[in-house]
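Coordinate-derived values only; no laboratory data. Since the structure is predicted, the reported quantities are computational estimates derived from the model, not experimental observations. Virtual Cβ from ideal backbone geometry, glycine too; neighbours counted across all protein chains shown.
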Amino acid sequence: MTDDQLLGLIDPVLRDGGSHADEGEDYRRPAVEVLRYYRRPLKWNPVPILGRALSVVAVARATGDDAPPGQGHRQLLERTAMVVGARYSPWQAPTIGLTVVGLTDEPIGAGTEADLDQALGSSMRRFRVVPLGLILVNLDRETLSFALRAGPDQLFPEPVRVADVLGDRLRRFVDQFPS
């Protein structure tokens, strides 16, 4: 599977949900390549400025391989949170619900889902994003693994929609005997 085929799977599902696609960028600092952003503005409170939020799905690839073992997924999430926070102004929305679709060449194995869950649960206080989904895809082997969190009042359905559409096409590695 290629990058374009992956975007072809995700694109119709997110556009049907009201998201708009924005072209991605390649960053040196932090070292991350974002292939595409999908953003959907929403209101969760009648207060004019504070009641706005954005749901953002970023399809990204970490370009630096300098992460310590077991920290690569968290590093991808933090780097993507940095670039999303910089790209979308706080005046657009003070809060961003973030879903990261991370592309990797690493094999997806038994401990990957636990690593993703740990990365998604890590503290993101420095950023104005709320991480809702971390979906890891190996395009060469056509496999995926993911960790998802529920957003408030079902306002952020994007992580589940993306996981569902990719789960129909890609194989999901599930540890048969979790410890």
Looking at GLU158, is it touching a residue at least 40 places away in the same chain (Cβ under 8 Å), touching a strand residue (DSSP E or B) at 6+ places or on another chain (Cβ under 7 Å) and surrounded by fewer than 20 Cβ atoms within 10 Å (Cβ to Cβ)?
no
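So that you can scan it fast, the table gives a plain yes or no per residue for (1) within 25 Å of SER123 (Cα to Cα); (2) out of contact with any strand residue (DSSP E or B) (no Cβ under 6 Å at 6 or more places or on another chain):
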{"residue": "GLY8", "(1), (2)": "no, yes"}
{"residue": "SER19", "(1), (2)": "no, no"}
{"residue": "GLY24", "(1), (2)": "no, no"}
{"residue": "TYR27", "(1), (2)": "yes, yes"}
{"residue": "TYR38", "(1), (2)": "yes, no"}
{"residue": "SER55", "(1), (2)": "yes, no"}
{"residue": "THR63", "(1), (2)": "yes, no"}
{"residue": "GLN71", "(1), (2)": "yes, yes"}
Residue that is nearest to the chain's Cα centre (by Cα) [pool: residues in the stretch 18-40 that are within 20 Å of LEU155 (Cβ to Cβ) and exposed (fewer than 15 other Cβ atoms within 10 Å of the Cβ)]
HIS20
I need a count of the residues in the stretch 1-36 that are in a strand (DSSP E or B) and either farther than 17 Å from ALA163 by Cα or of a type in the set (Gly, Ala, Ser) (or both).
12
From the list ILE108, ILE10, which residue is under 17 Å from the mean Cα position of the chain (by Cα), closer than 13 Å to LEU136 by Cα and not acidic (Asp, Glu)?
ILE108
Single residue of the stretch 128-148 satisfying the filter (over 13 Å from SER55 (Cβ atoms) and not hydrophobic (A, V, I, L, M, F, W, C)) that is surrounded by the fewest Cβ atoms within 10 Å (Cβ to Cβ)
ASP140
Quick check, is ARG125 of a type outside the set (Gly, Ala, Ser) and either in contact with a His (Cβ under 9 Å, 6 or more places away or on another chain) or in contact (Cβ under 8 Å) with a residue 12 or more places away in the chain (or both)?
no
